[in-house]
Every structure is written in structure tokens, then in C-alpha cells.
Amino acid sequence: MTTVPPEAHFLPEPVFPQRPGLLSDPPGFDEMPHIPPAHRHWSVPHIYRTMRGWLFPYIRSRVLPGDFHPIIAYLFTEYKCNLDCHYCWAYDNRVKGMTEETARRSIDWLRDSGAGVLALMGGEPLLRPQFVHKVVYHAAKKGLFVYLPTNGRLLRPEVTDRLADAGVATVNLAVDSYAIKPSLPKALVPIRKYFDYMVKKQYRYGYTVFFNINICRNNLEDVKLLTEIAHDNGIATDYHVNEAPLVAPDEHFKHLNNNETYIREEDQPRIAELIDWLIEKNRAGYKMVDSVQRLNGMKTFVRGGHERWNCRAGQNSLIIRVDGTLAPCFPMYSATHDWGCVGAHKFQPEQLREMKASCELNCLSTLNHVLALCYDDGRVIRYFLKQAKRGFQGVSGSVE
């Protein structure tokens, strides 16, 4: 019988600070206006971290046999949230958060499976900041590119410093409106001081920040304003079109009916006008995760004309629920199918293909769309050459 060492049940205690010189700020730092540099310089270690997270696992997935080669995994450390966005069914405040043992086993298994990117998910991951600090620290030490989505309400400066020191690579700041709306509480105004601090400190620590914006019926002008604020601060944006749940949500989701965030047929012209505006900004050089092709696809999706798009869920991306069980993607979090657990996946190509034949037509997942584009070798080669031409110092736009 194999004996599990006691330390395997816990995450290592983070060393903090690892880089004490980055904690101290120059006099007047908080009052200094943020003027983003025209071009951001990436050091060799930062370039290598990105390649180790994205490029190397991608190459591995192309040259090794089999269908399961994870590049990115979403670790649901929480299924609770401190906000109630009326479109969101992806939380349940009755569910306990992930244990340290499950988090450690997940990280170690993912790294052994060849994954390069770990995204912490919720709910709101920062409900337990000390736990997230441990997760980021262990994952970064394992060589994973750590990605943190958050609504920012709990991202105090001291939390930013700890996570940045631990090795977080990207902060995905979810904001849907400028000021709080009853149905859209993820707003910039209540977190503006935290946002300003995080944006300025990214240049010292070497992480990136971007806005994640959900396009709803009642926030179209907010989307434009947030896009301009992001541009003024030198950060990128990522957009989603609000979608109803693919799987029937649990009874805790109380906003399924009469939801003012859901897009109606009569809203389609206004949504199309907004997306055309975003396409203009993309072509003007605004930093966006979404390509022009992807943005045009959003208009098609809203009109109900979506097509199959080679979803990679369960092959190159997956989610790990708070209890350590697996699912291919966010909409399937509450599905009852058995896809296995950490260390023993049960993703079957035939089952995934059958499921995607219908769900691809009703899903607009940003990450899996980007992954799908990457499984066209010509696109990836062209994008890589553009990066190399600029010394891997970043290019405008995304994979086309």
C-alpha cells in the first residue's frame, strides 16, 4: 500500500515577499497619473513564461498521439460569489470551496499531463485570498502560466502585491458597466482605486491586465466607455455576447425569466452597431483578445446563424470543479455526465463529438474559439512569425 506523505494534503506555504524591492513604491505613487508606454518591453524570462504556457503545450498537442492534450485548465477554487450578476448561473453560495489537497493534486496532475495555463475560476476566486495566494504560488513554481479572473471587489493593493509576487501572469478583470447597475454589479467605479494600482504595478511585476466585458441588452454605452478606458490605460479588452444557460440551472438561479440583461430579437440592430464600432477600434489598433473574425461571428450568433466551429473543450481545455471532478467546459459544469476526476479523465472523443454537434451551435466561448482557430496550422505559423518579427514584444490583434 502506497503511503501519501502528509505534505501532499496541503499546498506549500508561499514565501513572501520573494522580490521585496518591488513592494516599495516611489513617493506619490498613488497620486501619479498612469501614462501607459507606447510599447511594453518583455524580458526573456517573461517571453519564456508565455511560450512555456501556450506554445510548448500546443506543439505537444500537435505531435503526440491521442485526443487529450490539455493546454489550459479552469480550476474552480470557488463556486460562491460576492456579487449577483443577473445573467450569471455559474455560482452557488451553498457550495464549499476547493480544498488544498484537491488544488494541489489538480495542479500536479495538469503539469504532468502537459498543460501550460491554469485559470482560477468561480464564483469569485478572491473570496479566500490566502488560499488563492497558495494556489498561484504552487502553480507558478510548477511552471504554469497563471491566469486570474476576478470582479476586483476584493483585489486590494496588498492582495495584488501578494499574487503578483507569487507569479500571476494575467489578471482578467470582469467589468460590465461603468457604475453599478442593479442587474450588473460588476462595475468599474467601486474598484477604481484597486484598478489604478493594479495597472501601474503590472510594469514592475511583469503581469498583464485586461477587461472582460459581457455585452448585454442594458450596457451597450458602458461597453464603449470601458473600451475607451482600457485603451487609455494601455490594456486589452475581451468581449462576450450574453448567453442563456445551455444546461438547465439549479433552483438557486433566480433570474432566468424576465431578465433585463438577455438580448431580444428587437435588440439585434443595436448589438450589431456596437460590434461594428468594436471592429473599427480593433482595426485602429486597440488591444483586443477578440479578432475581427470573432467579432463578426458575434453578430451572426446574435442573429441565430451560428455554425460548427471545431470546439476543443475536453481535448485542449477542461474545467475542474470544486470537488475535483471534470467537465469539458463552463456550460457543462452542472451536467451529470461522468467525465472523470483529477488524475483519471474519462473524456471520450465520440461522446464529445456527439455533444458538440448541438451545443456548438448555441455557444460562443471566447477561449475555445481561439483554440479552434489555432488548430489551423497556417494561422498559427503566420501569428508566430508576426511575433518573431517584433522580437516577441507583442502584436496588435489576435489569431485570425
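Rule-based calculations on the coordinates, nothing more; no lab input. Everything numeric here is computed off the predicted structure, so don't read it as measured data. Reconstructed Cβ throughout: ideal geometry from the backbone, glycine too, with neighbour counts over all protein chains shown.
Annotation for residue 232 and residue 300: the two label points, set 7 Å from Cα along the Cα-Cβ direction, are 3.6 nm apart. Counting charges near residue 22 (Lys, Arg +1; Asp, Glu -1) among other residues having Cβ under 15 Å from its Cβ returns a value of +1.
Extension gain, residue 376-residue 354: 0.36 nm per intervening residue step, less the Cα-Cα distance, totals 5.7 nm. When peptides 304-311, 327-334 are ranked by their average number of other Cβ atoms within 10 Å per residue, the highest-first order is 327-334, 304-311. In segment 37-372, the inverse of the mean reciprocal separation of distinct Cα atoms equals 20.4 Å; this is its Kirkwood hydrodynamic radius. Rank 337, 231, 86 by mean-square fluctuation in a GNM of the chain with C-alpha springs under 10 angstrom and give only the top-ranked residue. Taking springs between Cα atoms under 10 Å, the residue moving most is 337.
In this structure the amide hydrogen of residue 241, modeled in the peptide plane, comes within under 5 Å of the amide hydrogens of 215, none closer than 5 places in sequence on its chain. Distance between the pseudo-spin-label points of residue 64 and residue 156 (7 Å out from Cα toward the beta carbon): 4.2 nm. What residues from segment 184-209 fall in the zone where the backbone N is under 20 Å from a label point 7 Å along the Cα-to-C-beta line of residue 25? Counting backbone N atoms under 20 Å from the label point, the list is 188-209. Return the FRET efficiency for the residue pair residue 336, residue 385: r is the Cβ-Cβ distance, R0 is 45 Å, and the value is rounded to the nearest 0.05. So, using R0 = 45 Å, E works out to roughly 0.50.
Take peptides 346-358, 37-49 and line them up by average Cβ neighbours within 10 Å, highest first, as a rough protection proxy.
346-358, 37-49
Taking all Cα pairs closer than 8 Å and separated by 6 or more residues, the relative contact order of the chain comes to 17 percent.
Return the subset of 80/356; 224/287; 181/254; 80/299; 80/134 for which the Cα-Cα distance in this structure is over 21 Å, preserving the input order. Table pairs above 21 Å Cα-Cα are 80/356; 80/299. Calculated FRET efficiency, residue 344 and residue 308, Cβ-Cβ r, R0 22 Å, to nearest 0.05? Efficiency, rounded to the nearest 0.05: 0.15. A viscosity of 1.306 mPa s and a temperature of 10 °C, combined with the Kirkwood radius over C-alpha pairs in the Stokes-Einstein formula, give segment 177-269 a diffusion coefficient of 105 µm²/s. Counting only Cβ charges, +1 for Lys and Arg and -1 for Asp and Glu, the dipole size of segment 37-372 around its Cα centre is about 1100 debye.
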